[in-house]
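Working notes for the structure below.
All of the numbers you see were taken from the coordinates with simple rules; none came from a lab. Just so we're clear, the structure is a prediction, and the values are computed from it rather than from any experiment. A quick note on method: Cβ atoms are made from the backbone with ideal geometry, for glycine too, and the neighbour counts reach across all protein chains shown.
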Amino acid sequence: MRLRVGYQIGYEFPQPTPIILMLNVHYTRVCDLETPDHAVVYPPVVMSGYRDTYGNWCSRFLAPAGGLQISASAIIRDSGLRDPVAADAQQVRVEELPQEVLVFLLASRFCDSDRMLDLAWTLFGKTEPGWARVRAVCDFVHNHIAFGYEHARVTRTASEGYEERRGVCRDYAHLAVAFCRALNIPARYCTGYLGDVGLPPPYPPGDFAAWFEAYLGGRWHTFDPRNNVPRASRVLIAQGRDAADVAITTTFGDNTLKSFRVWADEV
């Protein structure tokens, strides 16, 4: 199948302000693009790019004072298959993990797994290690947190999400990642497009989605505690330790978000 993915984001800046974008399709999916997903900025600016520590593509520029619009629209090929299930995937012992995944065992800004060790082992210590344990984490998080855009707060940590029992998709992902790390399962935060392919209408407003990947059986597997069912047509944008690593925009000064629209529709 083919998907049209894109966004249109409007800002107002009181003065010239540096900004970093992380909005390009992840390098693992670039070969699926039929048309480029270049960010278009109006008014035009000089932009440069680089790869961050996790391989995500970042763009940086100086936003002029006044209104600014950032947009992109691209066509990407997709298998249309739902997230694969590997129920026999086993947990890898810490001493046998590849060095490059060890960072995803550590506590981070929003995934404060060090605060949740006792709770994680109390809740999940008796579940079977591996896929079943991660599924148990997802089931718990899905049922524990009440979803609502009105509950969004950019400073909420995983432990606070557990205590407050409300949030948006990033809070589901943060809590599940923190539990997994506390249980010695490497887990990384993911953000990207997730449309409504295969689902009945009515559809909610478009948005970027958050999910996570757990390292089991020698590879990374996708889990989504917010939706808690395999979904089709995810398009990854970025991966990191938590949302702080993969913010779609990072601005270094005052600004007002004036408009925000995201789409991921089957063509």
Determine, at each q value in 0.09, 0.14 (inverse angstroms), the log₁₀ of I(q)/I(0) that the Debye formula gives when each Cα of region 1-149 is one equal point scatterer. -0.51, -1.04
Where Rh is the Kirkwood radius over the Cα pairs of the chain, the temperature 37 °C and the viscosity 0.692 mPa s, what D in µm²/s does Stokes-Einstein return? 170 µm²/s
Square roots of five times the C-alpha gyration tensor eigenvalues of region 94-245, ordered largest first and given in whole Å, equal 23, 17, 15
Relative contact order computed over region 1-62 (Cα-Cα under 8 Å; 6+ residues apart), in percent: 41 percent
Roughly how many debye, to the nearest 20, is the charge dipole of the chain about its Cα centre, given +1 on each Lys and Arg Cβ, -1 on each Asp and Glu Cβ, and no other charges? 140 debye
Can you tell me the orientation of helix 169-182 relative to the chain, as the angle in degrees between its alpha-carbon axis and the longest Cα principal axis, to the nearest 10? 40 degrees
Among 179, 13, rank each residue by its count of other Cβ atoms within 10 Å, from fewest to most, as a rough exposure measure. 13, 179
